[in-house]
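The values are calculated or read from the model by the stated rules, or taken from the named source; none is laboratory data. Remember, it's a predicted structure, so these values are computed and weren't measured experimentally. Neighbour counts are summed over all protein chains in view; Cβ atoms, including those assigned to glycine, are modelled from backbone coordinates with ideal geometry. The area values use the complete protein model at the heavy-atom level, side chains included, leaving out ligands, DNA and RNA. Shrake-Rupley method; radii C 1.70, N 1.55, O 1.52, S 1.80 Å.
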Amino acid sequence: MPFMLPRKTILHKRFEGLSKNISSQYREIIMDKKNLLTEKDLEEYWKNFTGLSDDEIDFNDEHSDEDCMIGGDDEADVEEDERNPTGSGVQEDSEDEEDLLPLSSFLPLRGAGQSVKKDILWKSKSLILNEDQLRFHGDVEVSEQISALERPVQFFNYFFSSELVKKILEETNLYAVQSKPERPPSFDENDIRQFFGILIYTSLVNMPNTRSMWNDELRFAPVADVMPINKFETIRRFIHFNNNDTFIPRDQAGHDRLHKIRPVIDFLNDKFSSVALEQNLSIDEQMCSTKVRHFMKQYMPMKPHKWGFKFFVMSGISGFAYKFEIYAGQEKKNVPTGEPDLGVTSNLVLRLASIIPRQKNYRLYHDNYYTSIPLMVHLAKEGIYSLGTIRRNRVPNCKLPTESTMKNVDRGTSYEFVATIDGVDVSSVIWKDNKCVTLVSSFAGKTPISKVRRYDRKVKKIIEVDCPYIITEYNRHMGGVDLMDSFMGRYKIYMKSRKWYIRIFYHLLDMSLVNSWLLYKRVHSKKQPACKLLNQAQFRAEVAYTLRNLRSVANKRGRPSINSEQEIENKRKRGPMKHIPPSEVRADQTGHWPSIADKKIRCKLPNCKGFTHTICEKCGVGLCLMSK
């Protein structure tokens, strides 16, 4: 005679049978990773059970005994076991009305903050927003402090200010004492700035290795004259950014995997975000290339540099990086303050978008790694429009045609469906180009449709195909982070290091230089639209030259001096002249000794037309030594 299952086992089987016919959102609540509920969960659910009618389901012993017998000789049972070898062996009646009952009536949701996905109704129509809804209310003008900056080194010092340099100097000297207490080296602020200048020179001058700059045959004077190789290697060995004694171990609360570089990350994020945001912002990944051995190193085969540390960057259309995060594997625990928990990638977007002013109609662009419908709805409620590609399985109740269906349509065909979710209109569009692409947006739809040129292999000529407005907007504003990558890749610090945080610091130094150059162009193009701006190589060279030669400047007393900068520029236009050092170097009152030149040269002092044999030993320009 077949034996009977215990009552608790019968409950397990009943809930497993019910879970097969309910929607996916309830299935995730009931059965986590296809594991049965625990006895504690069953008791909790049974306690909250409100009862059913007599003609529906009855969990009495007699009904359970008839349906939950195993081990019998019935041929039907044997055939069912053969069809479902991995099943539990319990006969299931698919036509029973009890399997169609919604569990939301008697199952409490598990966990605080978890929301059940609502049924979204998509309608075939166009998303149309009026101009008042899309009007931008933000401020894109930079502050007066930034507008007052003139020289390239001033823009660089705005991000790498004396506060950050002093912090690095303090931690470097402390680490030197901790590492070599018997005879620790000592550094000053000028040594750190000169070290930064040499690093910038290495991004402009390609050498077989760093030590070649001090080599007799390949000697590079701007680097070799400022600092001996031994001192440079000593700074490179002991440079540090945080106190090792404050490190929290891995098994304790508050552990930070980026502790060694955390002060630099936080300081630069505050400085980058202090610049006025552009209206169109994009979020994408960035790779800090390295092959150093570290568990945070990532492999991304689609990137130009496949190995390295992964950065998440929010930038403008100009390529300026306003905020960034470094992947450390702790993002699952980091929920933004005051924001809902929408998942790992959505929370990352919320953290990066925390600096965006609310209700100003900024626009945020991202790819399918970040895009989700709940994120888009939440941002729209905060006054931030968003647009991004999306994976089809992330669109609930999707009505868009499948890719297999789109294969039979002409190139340029597109379909749009719009849904209203919590008062927010969201448009989903699929468009066929070489491949099918799916996008969702809270402000852009299919119309107005434009024309794009594509090469047709069948007719072997360029043709025009229809392109939806949402595609045009995405292609126009999504490439900010890629543009930043191209700027950084042209002149990059390739110096190697076995310390993982040093490689990240070099990457942050490159990012700060690119941001300084972009800010320099942004300010000067508004001040003097017709002026000739420095390219990135010239900008880096002037910053490196100033950091290499800069010393402390004494405060002058008395009346202010004449505006010599404008006079030098006027004299430069009259004919070719020797390079004039920046004003910060000319006025640092350090090392400006006269020396005798071999031949006469013209005096570089404004309004002086004389010739002289005397040149400045530091600047290399001619200056008269006269009583006048």
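General observations
- Met213 vs. criteria open to solvent by less than 10 Å² (accessible area, probe 1.4 Å) and either of a type outside the set (Asp, Glu) or over 30 Å from Ser273 (Cβ atoms) (or both): yes
- Taking the range 120-136 as the range and being surrounded by fewer than 11 Cβ atoms within 10 Å (Cβ to Cβ) and of a type in the set (Gly, Ala, Ser) as the test, only Ser124 passes.
- Residue within the range 467-487 that is farther than 25 Å from Met376 by Cβ, open to solvent by 10 Å² or more (accessible area, probe 1.4 Å) and not polar (S, T, N, Q) present: yes
- First in the range 524-540 and farther than 18 Å from Met484 by Cβ, second anywhere and of a type outside the set (Lys, Arg) and open to solvent by 70 Å² or more (accessible area, probe 1.4 Å), Cβ under 9 Å, 6 or more apart: His524/Glu150; Lys526/Glu141
- Answer residue from the range 385-400, given it is out of contact with any Ser or Thr (no Cβ under 9 Å at 6 or more places or on another chain) and in contact (Cβ under 8 Å) with a residue 40 or more places away in the chain and is surrounded by the fewest Cβ atoms within 10 Å (Cβ to Cβ) among those: Asn397
- Of the residues making up the range 456-475, those that are under 34 Å from the mean Cα position of the chain (by Cα) and without any contact (Cβ under 8 Å) to a residue 40 or more places away in the chain are Tyr469, Thr472, Asn475.
- Any chance Asp139 is among the acidic types (Asp, Glu), surrounded by 14 or more Cβ atoms within 10 Å (Cβ to Cβ) and either outside any loop (DSSP other than H, G, I, E, B) or modelled with pLDDT of 90 or more (or both): no
- All positions within the range 401-411 that are open to solvent by less than 60 Å² (accessible area, probe 1.4 Å) and either under 20 Å from Val465 (Cα atoms) or in contact with a Gly (Cβ under 9 Å, 6 or more places away or on another chain) (or both): Pro401, Met406, Val409
- If the condition is being open to solvent by 100 Å² or more (accessible area, probe 1.4 Å) and assigned to a strand (DSSP E or B), then the range 292-307 contributes Tyr299, Trp307.
- Within the range 504-551, being within 28 Å of Phe238 (Cα to Cα), open to solvent by 20 Å² or more (accessible area, probe 1.4 Å) and assigned to a helix (DSSP H, G or I) holds for Ala541, Glu542, Tyr545, Arg548.
- Number of positions in the range 412-435 that are part of a loop (DSSP other than H, G, I, E, B) and touching a Gly at 6+ places or on another chain (Cβ under 8 Å): 1
- Just so you know, in the range 261-273 the residues that are open to solvent by less than 60 Å² (accessible area, probe 1.4 Å) and out of contact with any Asp or Glu (no Cβ under 9 Å at 6 or more places or on another chain) include one that is farthest from Asn209 (Cα to Cα), and it is Ser273.
- The residues of the range 437-455 that are part of a strand (DSSP E or B) and open to solvent by 40 Å² or more (accessible area, probe 1.4 Å), listed by number, are Val437, Ser450, Lys451, Arg453, Arg454, Tyr455.
- Test set (1) within 26 Å of Phe311 (Cα to Cα); (2) small (Gly, Ala, Ser); (3) touching a Cys at 6+ places or on another chain (Cβ under 6 Å) - Ser450 fails condition number: (1)
- Complete set of residues in the range 232-269 that are of a type in the set (Lys, Arg) and within 19 Å of Lys166 (Cα to Cα): Arg236, Arg237, Lys260, Arg262
- Scanning the range 216-249 for residues that are surrounded by 12 or more Cβ atoms within 10 Å (Cβ to Cβ), under 34 Å from the mean Cα position of the chain (by Cα) and in a helix (DSSP H, G or I) returns Val223, Phe232, Glu233, Thr234, Ile235, Arg236, Arg237, Phe238, Asn244.
- Residue within the range 375-384 that is in contact with an Asp or Glu (Cβ under 9 Å, 6 or more places away or on another chain), assigned to a strand (DSSP E or B), crowded, with 19+ Cβ neighbours inside 10 Å and of a type outside the set (Phe, Trp, Tyr) present: no
- Just one of the listed residues (Phe247, Phe267, Phe238, Phe272) is over 26 Å from Lys323 (Cα atoms) and aromatic (Phe, Trp, Tyr), namely Phe238.
- Only one of the listed residues (Thr438, Thr472, Thr420) is within 30 Å of Leu518 (Cα to Cα) and out of contact with any Phe, Trp or Tyr (no Cβ under 6 Å at 6 or more places or on another chain). That residue is Thr472.
- Any hit, the range 197-211, residues being farther than 26 Å from Thr246 by Cβ, part of a loop (DSSP other than H, G, I, E, B), modelled with pLDDT under 95 and β-branched (Val, Ile, Thr): yes
- One residue from Thr371, Thr337, Thr345 being over 25 Å from Phe159 (Cβ atoms), assigned to a loop (DSSP other than H, G, I, E, B) and under 16 Å from the mean Cα position of the chain (by Cα): Thr371
- Residue ID - surrounded by the most Cβ atoms within 10 Å (Cβ to Cβ), chosen from residues in the range 420-431 that are at pLDDT 95 or above and more than 22 Å from Gln279 (Cα to Cα): Ser428
- The set of residues in the range 131-162 being under 25 Å from the mean Cα position of the chain (by Cα) and over 18 Å from Val514 (Cα atoms) consists of Phe136, His137, Gly138, Asp139, Val140, Glu141, Ser143.
- Failed criterion for Gln330 (all others in (1) loosely packed, with under 15 Cβ neighbours inside 10 Å; (2) without any contact (Cβ under 8 Å) to a residue 24 or more places away in the chain hold): (2)
- Condition met for Gly254 (in a loop (DSSP other than H, G, I, E, B), touching a Phe, Trp or Tyr at 6+ places or on another chain (Cβ under 9 Å) and not polar (S, T, N, Q)): no
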